[in-house]
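A.B. asks: Once you've had a glance at the structure underneath, I'll fire off some questions.
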Amino acid sequence: MRLVVAIAMLGIGVGQACMAADAAPGRLVHRYLAVEISPDGELVASVEGDSSKSGGAPTVRDLVIRQVRSGSNSTGVPMPCGRVPQCWPDSPTWSPDGKQLSFALRSPGSHARAVYSVKADGSGLTKLLDFSGTIVHLRYLADGRLAMLAIQNAVKEVGATQAGAAIAGDLDAPPPEQRIAILENGALRFVSPPDLFVYEYDWRAGGKGFVGTAAPGDGDNNWWTAKLYAFPENGSGARVIYTPASVQQQLAMPKVSRDGSRVAFIAGIMSDFGSTGGDVYTLALDGAGGATNLTPDMHASATAIAWQCDGHLQAELLAGDKTQFADLGTGLKAAPPRILWSGEESFGDRAGGISTACPSGITADAHESFTLAPEIEIGKIGHWRNLTASNAGLSLAARVQSVWWKNDGFDIQGWLLLPLHADGKIPMITSVHGGPAAAVTPGFAGPGTTTALLEHGYAVFRPNPRGSYGQGERFTQANVRDFGHGDLRDILAGIDAAAKAAPIDTSRLGLTGGSYGGFMSMWAVTQTDRFKAVVAAAGISDWLSYYGENGIDAWMIPYFGKSAYDDPAVYAASSAINYIHNVKTPTFAYVGEHDIECPAPQTQEFWHAMKAMNVPTSIMIYPGEGHGLRDPEHLADAQQRTLDWFDKYLR
């Protein structure tokens, strides 16, 4: 269920970042959604656009090609459907010779896609395919053919966070599956079988086919049981090559080595597809031996991997409050990661690992921090320079501190954002991330609720309690069969640590969060009276009823151990609705109408119970929305309601 600052240490466990200049009022943040460098390292293609005024993802997106030697020399590729919302280019990929760029294009108002190519200078736009369904993850094969993942006649966009299809008709009918396909003679030839949903894939050298993670049935729901498969190119004889070692092990990012002999992947407990963290494994593709864990007992989480030009495996790690790039060697045996770079930044497109040109080793990606807005940077690892300056002068008016504290034997970290010009004691809003397997990393907020809270004089505390990424698998699994209990103790202890680090008014504390953070917001008001106001977004109030309502119940088995029907007690022990008589805290809750991850009835049930307890409450269900709001008007409305709610009870 999901969502470069130099740190100087100021005492045990607390660091303080430099102050940033105020951002220009009303200025939009330019976001980079995908970045790909050409094989010769001379060009960078990106999908990008301005965020909405309320901070949402860009509604108008452009495909841009830039020259590496002069980032100012850029070419925008005109889209056939124009610069309008949902006319979105996606998944840009360079041909092996770097002479052309291909991409998928979404048709506004539909789930249909087309595939286009352009020359390296942005000219010669050519349609390669019309397709009545979704297409993601375009990738060129060594011989110049295009591979991709495609769903014929898709009924919704890919992913459980997208708005769900109407619940009507035969619910047992076979769902449309996402399959590996190769573009040949203007049409798609499917390689993977029709009864498997393929989530991620990579191709094998020498025409040996593909490797991918896949599971039969509903693609939104079954990622948590996916296995690693080998798919011959002729479309027959798909076979399982790795089965997760336990229900607490999900698989992500299969990457085939450059010589085709091994596949690397990330495995660990993960509560959402696309929110990746765990240990790094490799497996020989000739069938000899089992999988090797390259990072056992690592006190960090791998979030992305990629094979580099020299044949070494590189991992992006989250290690506490640091993002790191590490060399894992040739992938044959476990060894301590060799850290290539470490810093308080976040990086952009993680689906393919950092984009690298070979043999030069030049990389390209978007980077950002809490106080510095995104830009594309290029260079060898750790020796980057900015290629773009789209957000020059744009920064967050805040001081940022990395705060560490101890609780229940764990070392726990969180981020404290302080308004620049506050006087005296500051009211504070604690914002709990989704997941729970996720983490708050240094990302630029731009317009949105966090910035608005800071502008209203609130401090914002963003903890990474047990269950988060960043400190290894033991820490990430520490909330299994214990939702809301240990992690709430971590958060409350973190609030005390924040109050020691800064002038926080502990009599004026608020709490908010979305998805798992929405559950934690609903749960916290039944367990403590420390918060004077709460805003819960897309939360969960009753794990028992939730089990039968949501579209992704497979994620719950790794965390609860059994289904709600086989062990209802463990679900009931973490259900806010069972403690509703304890609630005294005013709570506003909102959710999307078509949310399949945290369905709207969970929010409605909580609101209904709050009213029955005569506790101040309010609810908003946003029409047409899925898990997480996307419509700029809805985002703006939720932000204003959130500010009004906190101002009412914390001023």
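The values are calculated or read from the model by the stated rules, or taken from the named source; none is laboratory data. Remember, predicted model here, so these are calculated numbers, not experimental data. In this analysis, Cβ positions are derived from the backbone assuming ideal geometry, glycine residues included, and neighbour counts consider all displayed protein chains. SASA here: full protein model, heavy atoms, side chains in, ligands and nucleic acids out. Shrake-Rupley method; radii C 1.70, N 1.55, O 1.52, S 1.80 Å.
A.B. asks: Within segment 514-523, does at least one residue satisfy the condition of being under 20 Å from the mean Cα position of the chain (by Cα) and in a loop (DSSP other than H, G, I, E, B)?
C.D. replies: Yes, some residue in segment 514-523 is under 20 Å from the mean Cα position of the chain (by Cα) and in a loop (DSSP other than H, G, I, E, B).
A.B. asks: Being within 24 Å of the chain's Cα centre (by Cα) and surrounded by 22 or more Cβ atoms within 10 Å (Cβ to Cβ) is the filter here, so list the residues in segment 378-390 that pass it.
C.D. replies: Those that are within 24 Å of the chain's Cα centre (by Cα) and surrounded by 22 or more Cβ atoms within 10 Å (Cβ to Cβ): ILE378, THR388.
A.B. asks: Would you mind stating whether ILE621 is over 23 Å from LEU650 (Cβ atoms) and in a strand (DSSP E or B)?
C.D. replies: So ILE621 passes the test.
A.B. asks: Consider ILE619 against the criteria (1) modelled with pLDDT of 95 or more; (2) open to solvent by less than 30 Å² (accessible area, probe 1.4 Å): it satisfies all of them except one. Which criterion is unmet?
C.D. replies: Failed condition: (2).
A.B. asks: Same structure, new question: Consider THR225 carefully, then state whether it is open to solvent by 20 Å² or more (accessible area, probe 1.4 Å), under 21 Å from ALA438 (Cα atoms) and either modelled with pLDDT under 95 or of a type in the set (Ser, Thr, Tyr) (or both).
C.D. replies: Yes; evaluated as a whole, the condition is true for this residue.
A.B. asks: Could I ask something else about it? Those residues that are over 27 Å from the mean Cα position of the chain (by Cα) and either closer than 21 Å to VAL534 by Cβ or of a type in the set (Lys, Arg) (or both), I need them from segment 413-431; list them, please.
C.D. replies: LYS425, ILE426, PRO427
A.B. asks: May I ask you to say which residue of ASP286, ASP259, ASP279, ASP272 is at pLDDT 95 or above and charged (D, E, K, R)?
C.D. replies: Among ASP286, ASP259, ASP279, ASP272, only ASP279 is at pLDDT 95 or above and charged (D, E, K, R).
A.B. asks: Would segment 164-184 turn up any residue that is modelled with pLDDT under 95, over 21 Å from VAL240 (Cβ atoms) and in contact with a strand residue (DSSP E or B) (Cβ under 7 Å, 6 or more places away or on another chain)?
C.D. replies: Yes; the residues of segment 164-184 include at least one that is modelled with pLDDT under 95, over 21 Å from VAL240 (Cβ atoms) and in contact with a strand residue (DSSP E or B) (Cβ under 7 Å, 6 or more places away or on another chain).
A.B. asks: A follow-up question, please. Going by the conditions given, is TYR458 among the aromatic types (Phe, Trp, Tyr), open to solvent by 10 Å² or more (accessible area, probe 1.4 Å) and under 28 Å from LEU372 (Cβ atoms)?
C.D. replies: The answer is no for TYR458.
A.B. asks: Related question: Within the group LYS532, LYS500, which residue is out of contact with any helix residue (DSSP H, G or I) (no Cβ under 9 Å at 6 or more places or on another chain), open to solvent by 40 Å² or more (accessible area, probe 1.4 Å) and modelled with pLDDT of 95 or more?
C.D. replies: LYS500
A.B. asks: Mind checking which residues of segment 64-77 are of a type in the set (A, V, I, L, M, F, W, C) and either open to solvent by 70 Å² or more (accessible area, probe 1.4 Å) or in a strand (DSSP E or B) (or both)?
C.D. replies: VAL64, ILE65, VAL77
Let's see how each residue does on (1) surrounded by fewer than 21 Cβ atoms within 10 Å (Cβ to Cβ); (2) under 28 Å from GLY510 (Cβ atoms); (3) modelled with pLDDT under 95:
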| position | (1), (2), (3) |
| --- | --- |
| LEU340 | yes, no, no |
| SER360 | yes, no, yes |
| TRP405 | no, yes, no |
| ASP408 | yes, yes, no |
| GLY434 | no, yes, no |
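A.B. asks: Output the qualifying pairs, or none if there are none: Cβ atoms under 6 angstrom, residues six or more apart or on different chains, first residue in segment 448-470 and more than 22 Å from SER271 (Cβ to Cβ) and modelled with pLDDT under 95, second residue part of a helix (DSSP H, G or I) and of a type in the set (Ser, Thr, Tyr).
C.D. replies: THR449/THR642
A.B. asks: Looking at PRO85, PRO58, PRO80, can you tell me which residue is in contact with a strand residue (DSSP E or B) (Cβ under 7 Å, 6 or more places away or on another chain) and in a loop (DSSP other than H, G, I, E, B)?
C.D. replies: Answer to the selection: PRO58.
A.B. asks: Looking at (1) under 28 Å from GLY517 (Cβ atoms); (2) open to solvent by 10 Å² or more (accessible area, probe 1.4 Å); (3) at pLDDT below 95, which is the one condition that is false for MET298?
C.D. replies: So the condition that MET298 fails would be (3).
A.B. asks: Just to be sure, is GLY513 open to solvent by less than 30 Å² (accessible area, probe 1.4 Å) and closer than 30 Å to ALA564 by Cβ?
C.D. replies: yes
A.B. asks: Enumerate the strands (runs of 3 or more DSSP E) found wholly within segment 235-344, keeping only those where 3 or more residues are aromatic (Phe, Trp, Tyr) and more than 19 Å from VAL211 (Cα to Cα).
C.D. replies: none
A.B. asks: On to the next question. Select from segment 44-79 the residues that are modelled with pLDDT under 85 and among the polar types (S, T, N, Q) and write down the one among them that is nearest to the chain's Cα centre (by Cα).
C.D. replies: It comes out as SER54.
A.B. asks: A further question on this structure: Is there a residue in segment 416-430 that is open to solvent by 10 Å² or more (accessible area, probe 1.4 Å) and under 24 Å from ALA319 (Cα atoms)?
C.D. replies: no
A.B. asks: Can you pull out every residue in segment 90-113 that is open to solvent by 40 Å² or more (accessible area, probe 1.4 Å) and closer than 16 Å to VAL44 by Cβ?
C.D. replies: Hits for segment 90-113 are LYS99, GLN100.
A.B. asks: Quick check on my filter: what residues within segment 9-43 are within 18 Å of THR450 (Cβ to Cβ), hydrophobic (A, V, I, L, M, F, W, C), open to solvent by 20 Å² or more (accessible area, probe 1.4 Å) and at pLDDT 90 or above?
C.D. replies: Result: LEU28, single match.
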